[in-house]
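The values are calculated or read from the model by the stated rules, or taken from the named source; none is laboratory data. Small disclaimer: the values here were computed from a predicted structure and weren't measured. All Cβ positions, glycine included, derive from the backbone under ideal geometry; neighbour counts span all protein chains shown.
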Amino acid sequence: MVRVIGVGNPDREDDAAGIEAVRRLAAHGHPGVEARVCRPDPDDLLTAMMGAARVIVVDAMAAGTDPGTVVRIDATAAPVPAELFRGSTHGLGVAEAVELARHLGVMPRSLVIYGIEGRNYRFGKPLSRDVSFAVEQVVDRIEHEAAEAA
Amino acid sequence: MSRPSATRARRTLAVDVLARVEGEGGLEVKVRRGALESVRLNIYEPPRLFEAFLRGRDFREAPDFTARICGICPVAYQTCAAQAMERACGVTVPPAVRDLRRLLYCGEWIESHALHVVMLHAPDFLGYESGIHMAKDHPEAVTRGLGIKKVGNAIMTAVGGREIHPVNMRVGGFWRAPAAAAVKGLRDRVAWALEESLELLRWVATFTFPDVRRDWVFVALRDPERYPVEQGRIVTSAGHDLDPSEFERHFGEEHVHRSNALHGVMHGHGPYHVGPLARWALNQDRLTPAVLEAARAAGLAPVERNPFRSILVRAAEMAYACEEALRLIDAYQPFDPPAVEVTPRDATGWGVSEAPRGLLWHSYSMDGRGVIRKARIVPPTAQNQKSIESDVAAYVERHLSLENDALQWGCEQAVRNYDPCISCATHFMRLSIERV
């Protein structure tokens with residue numbers, strides 16, 4: 001079983017990428033996937049990761065690549081580049097939460113992060129087309145990974 | 001991100017983005033020929049126009065609107081807004097409502113103080129860049145802090161319906177009094193958080209504190225029975241004892257042109273200080289015996305004028321909030337109706353409470369239909385702006401011999417002593433519209 005955690009803001013256009021990925025996974029109902037949403041908050045993400053051996057986190061990223069670019073990071077192998085997943089000034093981002101988990105000894109056995117480069121983050125707008133397509137790709141890849149792990 | 005200048009005759013420390021504070025702010029310190037020239041705390045988070053857009057809204061909307069000023073202290077805003085509207089309408093809420101508000105507010109103190117003490121402030125004393133870096137060497141303390149924060153959030157969810165911008169408070173009371181099981185079910189976790197808070201206080205007491213003394217006037221609330229949280233009269237170390245309606249006669253705000261925040265001033269006294277040190281100085285006798293004993297064992301003097309030691313008081317207040325939450329949980333009985341009727345009238349009302357960062361004051365005027373005609377909100381961090389700048393100035397003057405890196409570190413720490421919530425401090429900018 002793979003736990004997939006979608007992180008983001010549902011009201012800010014491409015920042016909803018992780019949440020949309022989880023929504024589509026939940027709709028597909030793959031037996032090897034447990035999908036949930038959480039806020040980009042150290043508490044929430046640490047809690048969401050606990051108790052699962054295999055975790056995949058999906059979040060929008062701002063890496064300066066083309067919108068819709070997908071990056072897959074094995075977070076157990078090395079620190080997650082913080083500049084990819086910039087959090088707000090009011091909370092910690094995914095990268096910081098993962099490092100916190102590492103230092104506190106609560107990392108899952110396997111932790112993968114999918115970052116999807118966003119185009120825009122405007123209030124109240126739906127996902128841009130590039131990002132929506134990228135979410136579909138990530139969903140496919142996750143379901144493949146879950147099937148291989150089973 | 002910072003840019004120290006190269007020459008010794010003139011040194012400029014410019015911190016473009018302050019780390020480990022709520023919101024966005026920067027700091028600029030100028031030293032010329034060995035003497036301090038200026039200190040500026042720059043707030044550049046976009047100005048919030050809450051006081052302006054509340055005009056024309058229904059008085060019942062004020063708690064939910066003002067909660068959005070801050071994601072970490074929404075209960076403070078909801079409490080003040082509800083209180084002010086209730087006072088304007090001539091309504092007194094029953095003790096059950098007051099106690100449930102106090103419990104919700106304790107949840108906020110617990111989560112806010114836990115986050116600041118462990119993740120934002122402790123790293124300064126132990127020489128770490130961030131709470132994340134500190135976690136590697138102090139996993140137990142960080143786990144403890146995050147666990148305590150979670151308990152505060154659990155109280156806010158159980159009583160307020162949601163941990164971020166709780167939805168259950170309204171003018172007159174609540175939308176629903178939680179079921180007894182939902183509140184009593186918190187007991188074990190809060191009892192755990194109390195013990196862990198006392199352990200955190202013991203840990204913080206081992207830190208080394210710079211030797212600093214500041215002569216601010218302290219301003220805080222005072223309650224007839226308990227340590228002030230959700231209500232009280234406004235008292236100062238200069239001897240004032242004021243009803244919330246008298247606030248504007250003694251306190252004002254200046255809009256500084258280079259900043260989006262308003263700076264608090266006390267008429268006839270200049271800068272003043274609100275927050276944990278002020279509450280401690282003016283209300284020690286209201287703490288529980290256990291917390292008072294733990295605070296004294298941690299080395300807290302009856303009056304603390306060293307801003308760096310605010311972390312000790314925050315840890316003590318965290319323990320107090322846990323102990324007070326236990327008392328309120330044990331006494332809790334669901335009540336019905338969950339709110340009293342509130343009929344609007346053409347009047348002005350005032351609400352005041354102790355946000356985690358200090359005194360928060362609201363004032364609203366409404367017409368006979370309950371439409372808000374005027375709103376004024378004075379947050380704690382705006383009131384502390386001048387004290388923050390004067391603290392940094394005092395620190396620089398005493399430590400001019402330090403190299404820029406070390407001097408800058410001390411300046412940033414001086415700002416973080418206040419647990420500043422820059423989001424709250426930028427809630428208002430004066431707005432005038434000229435139609436031609």
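Values computed for the structure shown
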item: Residue tally, condition buried (at least 21 other Cβ atoms within 10 Å of the Cβ), modelled with pLDDT of 90 or more and assigned to a strand (DSSP E or B), over the stretch A:4-42; result: 6
item: Residue check, A:ARG141 outside any helix (DSSP H, G or I) and farther than 27 Å from B:THR143 by Cα; result: no
item: Residue that is nearest to B:CYS80 (Cα to Cα), among those in the stretch B:154-183 that are within 14 Å of chain A (Cβ to nearest Cβ) and surrounded by fewer than 22 Cβ atoms within 10 Å (Cβ to Cβ); result: B:HIS165
item: Odd one out for B:HIS399, checked against (1) touching a strand residue (DSSP E or B) at 6+ places or on another chain (Cβ under 7 Å); (2) without any contact (Cβ under 8 Å) to a residue 60 or more places away in the chain; result: (1)
item: Selected residue [assigned to a helix (DSSP H, G or I), assigned by TED's automatic domain parsing to the domain that holds B:GLU195 and of a type in the set (Val, Ile, Thr)] from B:VAL291, B:VAL265; result: B:VAL291
item: Helices (runs of 4 or more DSSP H) fully within the stretch B:109-160 counting 1 or more residues that are farther than 20 Å from A:ALA95 by Cα; result: B:122-126, B:139-160
item: Positions within the stretch B:135-145 being more than 8 Å from chain A (Cβ to nearest Cβ), surrounded by fewer than 23 Cβ atoms within 10 Å (Cβ to Cβ) and of a type outside the set (Lys, Arg), in sequence order; result: B:ASP137, B:HIS138, B:GLU140, B:ALA141
item: Candidates B:ARG176, B:ARG170, B:ARG162, B:ARG226, filtered to the one that is assigned by TED's automatic domain parsing to the domain that holds B:ALA295 and modelled with pLDDT under 95; result: B:ARG162
item: Residues of the stretch B:120-131 classified as surrounded by fewer than 24 Cβ atoms within 10 Å (Cβ to Cβ) and at the interface with another protein chain (Cβ under 9 Å from one of its Cβ atoms), total; result: 1
item: Residue check, B:LEU115 surrounded by 24 or more Cβ atoms within 10 Å (Cβ to Cβ), under 18 Å from the mean Cα position of the chain (by Cα) and at pLDDT below 95; result: yes
item: Residues of the stretch B:239-261 that turn out to be touching a Ser or Thr at 6+ places or on another chain (Cβ under 9 Å), outside any loop (DSSP other than H, G, I, E, B) and surrounded by 21 or more Cβ atoms within 10 Å (Cβ to Cβ), as a count; result: 1
item: Matching entry among A:VAL55, A:VAL94, A:VAL98 (being within 13 Å of another protein chain (Cβ to nearest Cβ), among the aliphatic types (A, V, I, L, M) and either surrounded by fewer than 15 Cβ atoms within 10 Å (Cβ to Cβ) or farther than 15 Å from A:ILE116 by Cβ (or both)); result: A:VAL98
item: Matching residues, the stretch A:118-150, being farther than 16 Å from A:ILE56 by Cα and more than 16 Å from the chain's Cα centre (by Cα); result: A:ARG119, A:ASN120, A:TYR121, A:ARG122, A:PHE123, A:GLY124, A:LYS125, A:PRO126, A:SER128, A:ARG129, A:ASP130
item: Test: residue in the stretch B:91-108 that is of a type in the set (D, E, K, R) and either within 12 Å of another protein chain (Cβ to nearest Cβ) or over 18 Å from B:ARG327 (Cβ atoms) (or both); result: no
item: Qualifying residues in the stretch A:43-52 (those that are among the hydrophobic types (A, V, I, L, M, F, W, C) and not in a helix (DSSP H, G or I)) - the one nearest to the other protein chains (Cβ to nearest Cβ); result: A:MET50
item: Members of the stretch B:185-211 found to be free of Cβ contacts under 8 Å to residues at least 12 places away in the same chain and farther than 20 Å from B:GLU111 by Cα, listed by number; result: B:THR206
item: Some residue of the stretch B:185-201 being surrounded by fewer than 23 Cβ atoms within 10 Å (Cβ to Cβ), outside any helix (DSSP H, G or I) and among the aromatic types (Phe, Trp, Tyr); result: no
item: Residue match in the stretch B:66-73 (condition: modelled with pLDDT of 95 or more and within 20 Å of the chain's Cα centre (by Cα)); result: no
item: Hits in the stretch A:1-21 - residues which are of a type in the set (A, V, I, L, M, F, W, C) and under 16 Å from A:LEU111 (Cα atoms); result: A:MET1, A:VAL2, A:VAL4, A:ILE5, A:VAL7
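One line per residue, one yes/no per condition, for (1) part of a loop (DSSP other than H, G, I, E, B); (2) in the same structural domain as B:PHE247 (by TED's automatic domain parsing); (3) closer than 23 Å to B:GLU86 by Cα:
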| position | (1), (2), (3) |
| --- | --- |
| B:GLU324 | no, yes, no |
| B:ARG345 | yes, yes, yes |
| B:TRP350 | no, yes, yes |
| B:SER365 | no, yes, yes |
| B:ALA375 | no, yes, yes |
